[in-house]
1. Which of the numbered conditions does P368 fail, given that it passes all the others? Conditions: (1) in contact (Cβ under 8 Å) with a residue 60 or more places away in the chain; (2) under 24 Å from L99 (Cα atoms).
2. So, T419, is that one hydroxyl-bearing (S, T, Y), under 22 Å from the mean Cα position of the chain (by Cα) and more than 26 Å from L101 (Cα to Cα) or not?
3. Is it the case that A237 is aliphatic (A, V, I, L, M) and modelled with pLDDT of 95 or more?
4. Which one of these does R480 not meet: (1) within 12 Å of the chain's Cα centre (by Cα); (2) modelled with pLDDT of 95 or more; (3) not β-branched (V, I, T)?
5. Can you name the residue in segment 416-436 that is part of a loop (DSSP other than H, G, I, E, B) and touching a helix residue (DSSP H, G or I) at 6+ places or on another chain (Cβ under 7 Å) and is also surrounded by the fewest Cβ atoms within 10 Å (Cβ to Cβ) among such residues?
6. Of everything in segment 309-340, what is in contact with a Cys (Cβ under 8 Å, 6 or more places away or on another chain) and among the acidic types (D, E)? Give them in sequence order.
7. Among the residues of segment 334-366 satisfying the criterion of being aliphatic (A, V, I, L, M) and touching an Asp or Glu at 6+ places or on another chain (Cβ under 7 Å), which is surrounded by the most Cβ atoms within 10 Å (Cβ to Cβ)?
8. S446 - would you say it is crowded, with 22+ Cβ neighbours inside 10 Å and not basic (K, R)?
Amino acid sequence: MTAPHVVVIGAGMGGLAAALDLLSSGARVTLLERQARPGGKMREVVVAGQPIDSGPTVMTMRWVFDDLFARAGLKFDEHVELNSSDLLARHSWLDGSRLDLFTDSGRSREAITEFAGAYEARAYDRFVAKSAKTFDTLDLSFMRAPRPNAMQLGRRVGLRGLPGLMAANPFVSLWKELSRIFSDPRLVQLFGRYSTYCGSSPFLAPSTLMLIAEAERRGVWLVGGGMQRVADALAAAVGEAGGEVRCEAEVAAIETRSGRISSVTLKDGEQIAADAVVFNGDSQALAEGLLGQGVTPGAKPRAEDGYTLSAITLSAVGRAEGFPLGYHTVFFGDDYVDEFEAVFSRGEICARPTVYICAQDRADHEAPESGTERLFCLINAPPKALPEDVVAGHVESLLDHLTRHGLTLAVDGDARVVTSPAEFGFRFPGSRGGLYGRPTHGPWGSFTRPGSATPVAGLFLAGGSVHPGAGIPMAAQSGRLAAAEAAKSLGLSG
């Protein structure tokens, strides 16, 4: 008997994970990707002949990938070179103060004691305990489970887990909860930044997002050769397991017959029969009819405020002088409230936004001997197209802001690539340039993302715009959830 055929659209983390799990379940799989390489937002930009990670730059929660590969009879660390990093990030403020955070909370506590005193160090201990409890409460009940509503989540955590859930104060914003824990506004700003990992504002996101800090404390890994190797390894594993991976294969429509998935049509007119489809793209693309009218019921359309942060990024090769960059360095702006009000209320970028830099050649957090290095810089931006002159102006403001922190970047005009929200919107249809799906704003924000199953028979969703959310491990987990739902519907082992 011929195994059912599943077409996976989009070779980002969710699509790659779904494809591998479906093959492990016994399905035949064709994975289609419109770009020239797999990876999705895990992209590599070549500048002056050198590849630069220009999306995610480290791996957390690697156990998601360990489990994924193990189910396929493989070992993740035999396919990807992983090196643990002790330094999470170096942080800088315009008043000249600096703070390093580490995976070892004891070392972070010592650094905070020197930075802000013993009282704030004790506050950090409380934050660590609270974020760990939040992570443990929501790991199996929310992040690894099919999308629940609030009542279902309560049943999953059970009576023993309810105190942990309520202790996280989900009805309080992350910023407000951090302000209760820390007295030093710099620490509130630092830990509030974790909301941006899922494209949200710390002033609107629930305090449960403090679990992201715990995910980092449980391990951060640098990938030898760059993050693109993770996508390449997954694509290779799909191929080794008998799946077909086709890049530069853009899908024009997902076809239905009698309300059920029947095939996929490519831009060149080719039709591929399918018993099921996993769509690993922004779910808004379905709602807007970008994949055909037959699958518009597969996702509810978003409201105007239903888009996350976008970004302006600068991938460059140059010299960094005057400031001791780590692998990750964060240069904070001086008005965090306006930074997020500008994006989410006015559709603008403030004068001096926070700048994030990944210095990819500083795995040991030391400057390379050659003097020149690969740099990836990012500022948050509204999810909409911005005029080219406005984008160019913000890049120059970015560089000027860094000089205020004591860092001078010498970058030749030919050794840089700028990516704007408009390009992100083009690369990820339906997103308007928002990089994380729907924002996690308000106590119910985490429940607004669609789940894996849809009202369209045979159509399943994966990726950062669906449950459990954005980020490498979460997107991969969404693919695993979609694969399980698809396998179940096709009578496979799941």
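The values are calculated or read from the model by the stated rules, or taken from the named source; none is laboratory data. The structure displayed is predicted, hence computed values, not measured ones. Every residue, glycine among them, receives a Cβ derived from its backbone with ideal geometry; neighbour counts consider all protein chains shown.
1. P368 satisfies every listed condition except (1).
2. Taking the combined requirement at face value, the residue satisfies it.
3. yes
4. So the condition that R480 fails would be (1).
5. Quick first cut of segment 416-436, residues part of a loop (DSSP other than H, G, I, E, B) only: 420, 428-436.
Add one more test, that the residue is touching a helix residue (DSSP H, G or I) at 6+ places or on another chain (Cβ under 7 Å), and what stays is 420, 429-433, 435-436.
Details: S420: 23, P429: 16, G430: 23, S431: 26, R432: 22, G433: 25, L435: 25, Y436: 26.
So the residue we want is P429.
6. D335, D338, E339, listed by residue number.
7. Applying the filter and picking the extreme gives A359.
8. Working: crowded, with 22+ Cβ neighbours inside 10 Å: yes; not basic (K, R): yes.
Yes.
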